[in-house]
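Student: Dropping the structure in here first, questions after.
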Amino acid sequence: MPFQKTQQSDLQQPVDPKKLFVGRAQQLEYFVRDILKPVDPSHNVLSIFGQGGIGKSTLLQRFLDEIHTPAFREYCLAALVNERQTTPASVMECFANQFRTQGYPLERFDVSLTRYKEVLRHMRLYGYQDQQWEDPIGDLTAAFVSDLNQLADTLVIIGSPGSKRPRRLLLFFDTFEQLAVDLAP
């Protein structure tokens, strides 16, 4: 008897495609266990690398999905950039825009970004830099880091007992290998 009939009740319930994650379950488990859950994470920088098409972007999206679950969304903030952000200023602006939409504006950075854009416009129009601002990208970066530090230094009340824990900021760079030359310095 090569085929057996199966009763409808014997069939498995449909699997939620978001819960099905082939080949990367260990990385996702590591991320949750060693990065998101502990008050002091085991690492502050993670590098996910490999050839194109192996699922790096999908893995980053799963990390973001995990961050937005009830277990972590109270104290974790995350933002993602990719190869479309081609300059340090555009990367910081993209991160800042995502934090703003989550209800956390980077106020010093926004002021510095406005000034930075004015300097760039001035340079395009007149061909020289404003002499009163010697390091526009350095000042922009300092404002960005200052605002991020302020966010990260905040204690967040979580859960019903009202316990506190430090806010966790996660900055994801998808396709960093394409951005590294401009961003790493």
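Where a number appears in this text, it was derived from the coordinates with a stated rule and is not lab data. Treat the numbers as computed from the prediction; the structure is a model and nothing was measured. Every residue, glycine as well, gets a Cβ built from its backbone with ideal geometry; the counts of neighbours run over all protein chains shown.
Student: Can you list residues from other chains, or at least 5 along the same chain, whose modelled amide H is less than 5 Å from the amide H of LEU77?
Tutor: ARG168, LEU169, LEU170
Student: Just name one of SER47, ALA71, THR175: the one whose Cα is farthest towards the positive end of the charge dipole of region 43-185 (beta-carbon charges, Lys/Arg +1, Asp/Glu -1).
Tutor: Highest projection toward the positive end goes to ALA71.
Student: If you don't mind, there's one more thing I want to ask. For GLN61 and ARG73 in one chain, what is 0.36 nm times their gap in residues minus the Cα-Cα distance, to one decimal in nm?
Tutor: Here the segment from GLN61 to ARG73 would lengthen by 2.8 nm.
Student: Which whole-Hz couplings ³J(HN,Hα) result when phi for each residue of region 141-158 is put into the Karplus expression 6.51 cos²θ - 1.76 cosθ + 1.60, θ = phi - 60°, listed in order with x for Gly and Pro?
Tutor: 5, 4, 5, 4, 5, 4, 5, 5, 4, 4, 4, 5, 7, 7, 8, 10, 7, 10
Student: How would you classify region 21-183 from its alpha-carbon gyration tensor, with a ≥ b ≥ c the square roots of the eigenvalues: rounded for a/c under 1.5, else prolate if a/b is greater than b/c, otherwise oblate?
Tutor: oblate
Student: Stretched out fully, how many nm does the piece from SER90 to ARG121 gain, at 0.36 nm a residue minus the Cα gap?
Tutor: Roughly 9.6 nm would be gained on extension.
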